[in-house]
1. I'm trying to understand the selection: among the residues of the stretch 19-52, which are open to solvent by less than 90 Å² (accessible area, probe 1.4 Å) and of a type in the set (S, T, N, Q)?
2. Given (1) open to solvent by 10 Å² or more (accessible area, probe 1.4 Å); (2) aromatic (Phe, Trp, Tyr); (3) in contact (Cβ under 8 Å) with a residue 60 or more places away in the chain, identify the lone condition not met by Tyr194.
3. When you scan the stretch 197-209, do you find a residue that is free of Cβ contacts under 8 Å to residues at least 12 places away in the same chain and either over 28 Å from Ile44 (Cα atoms) or of a type in the set (D, E, K, R) (or both), even just one?
4. Take the residues of the stretch 83-98 that are among the polar types (S, T, N, Q) and surrounded by 17 or more Cβ atoms within 10 Å (Cβ to Cβ): which is farthest from Tyr194 (Cα to Cα)?
5. Within the set of pairs 6 or more residues apart or between chains, which connect a residue that is under 19 Å from Gly226 (Cβ atoms) inside the stretch 26-49 to a residue that is open to solvent by less than 30 Å² (accessible area, probe 1.4 Å) and assigned to a helix (DSSP H, G or I) with Cβ atoms less than 7 Å apart?
6. Does Lys102 satisfy the criteria of being touching a residue at least 60 places away in the same chain (Cβ under 8 Å), open to solvent by 30 Å² or more (accessible area, probe 1.4 Å), farther than 19 Å from Thr9 by Cα and in contact with a Gly (Cβ under 9 Å, 6 or more places away or on another chain)?
7. List the number of the failed condition for Glu55; all other conditions in (1) surrounded by 14 or more Cβ atoms within 10 Å (Cβ to Cβ); (2) touching a strand residue (DSSP E or B) at 6+ places or on another chain (Cβ under 8 Å) hold.
Amino acid sequence: MKFYLDAGTTYSKIICDSLLDKNSEIFSATTQYFEKDNKTFFIIPTKKLKILNLEYERTCGHMGKGCFHENEIVALAKGSQKYIQKDATILDMGSRDVKWIKFKNGKFKDMDWNTSCASSTGATVEMLLKFYDVNIEDLNYCKEKFPITCGVFGLEKIMDDISKDIEAKDAISKFIHGIAYNAWNFAKKPEKIYLSGGFCDNKCFCDSLKTYCDVEILGRFILCEGLMND
């Protein structure tokens, strides 16, 4: 059996190319798993990777190391190709950064990757939910958005709203709408986005993004799938 690792800052995604015995130690570390096409898919807190005695065929991501390590943009491009049309923009929204690639006539055309300002990506949202004791399921699309140019300023706006007796979940929803708007702008305002990464599980973000373009959700394992494609 072979393991493929997308090692993110907060959560890591692992695909095993076979079905595993449920007594395997990897199941004790996982927060979510499913089986599909005779493969096993895992989401694991990155801090728990070190307790697993696994050797990986290929890796990508900030925390990946050893063996064959792939560039994330290359993994994203390879993993998304079987899902997209000839002309497509793929946006990957993660815990720490945001990146996009564009295909024209089925061939790679353009890309960008923002790693210098990650204060309004997934990790910030997770901290906000934890700090204000809000469940992600309680967040709903809000027509109003914070015009965020910096995540820090966005945090100030959330605190301002809460000081005015606006519920934390509504203030955070405005913040997330602002993130969605910025992501669409960052990707050069495409008519359709194929969405990859942790924000696929954030309904508030997806519903906000859908107000600007069509959205097709690819899920959280696209980079891992790219590692499996030669």
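The values are calculated or read from the model by the stated rules, or taken from the named source; none is laboratory data. Keep in mind it's a predicted model, so treat the numbers as computed, not measured. Note that we place each Cβ from the backbone using ideal geometry, even for glycine, and neighbour counts take in every protein chain shown. Protein only, heavy atoms only, side chains kept; ligands, DNA and RNA dropped before computing areas. Shrake-Rupley method; radii C 1.70, N 1.55, O 1.52, S 1.80 Å.
1. Narrowing the stretch 19-52 to residues open to solvent by less than 90 Å² (accessible area, probe 1.4 Å): 19-20, 24-27, 29-32, 34-35, 39-46, 48-49, 52.
Within the stretch 19-52, Ser24, Thr30, Thr31, Gln32, Thr40, Thr46 qualify.
2. Tyr194 satisfies all of (1) open to solvent by 10 Å² or more (accessible area, probe 1.4 Å); (2) aromatic (Phe, Trp, Tyr); (3) in contact (Cβ under 8 Å) with a residue 60 or more places away in the chain except (1).
3. no
4. Of all residues in the stretch 83-98, those among the polar types (S, T, N, Q) come to 85, 89, 95.
Add one more test, that the residue is surrounded by 17 or more Cβ atoms within 10 Å (Cβ to Cβ), and what stays is 89, 95.
Numbers: Thr89: 6, Ser95: 18 Å.
Selected residue: Ser95.
5. Once the first residue is under 19 Å from Gly226 (Cβ atoms) and sits in the stretch 26-49, its partners that are open to solvent by less than 30 Å² (accessible area, probe 1.4 Å) and assigned to a helix (DSSP H, G or I) give Phe42/Ile26; Ile44/Ala29.
6. Numbers: touching a residue at least 60 places away in the same chain (Cβ under 8 Å): yes; open to solvent by 30 Å² or more (accessible area, probe 1.4 Å): yes; farther than 19 Å from Thr9 by Cα: yes; in contact with a Gly (Cβ under 9 Å, 6 or more places away or on another chain): no.
Taking the combined requirement at face value, the residue does not satisfy it.
7. (1)
Residue by residue, here is whether (1) modelled with pLDDT under 85; (2) over 28 Å from Glu191 (Cβ atoms); (3) aliphatic (A, V, I, L, M); (4) assigned to a strand (DSSP E or B) holds:
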{"residue": "Thr59", "(1), (2), (3), (4)": "no, yes, no, yes"}
{"residue": "His62", "(1), (2), (3), (4)": "yes, yes, no, no"}
{"residue": "Lys65", "(1), (2), (3), (4)": "yes, yes, no, no"}
{"residue": "Ile73", "(1), (2), (3), (4)": "no, no, yes, no"}
{"residue": "Ala77", "(1), (2), (3), (4)": "no, no, yes, no"}
{"residue": "Ile84", "(1), (2), (3), (4)": "no, no, yes, no"}
{"residue": "Ile90", "(1), (2), (3), (4)": "no, no, yes, yes"}
{"residue": "Ser95", "(1), (2), (3), (4)": "yes, no, no, no"}
{"residue": "Ile101", "(1), (2), (3), (4)": "no, no, yes, yes"}
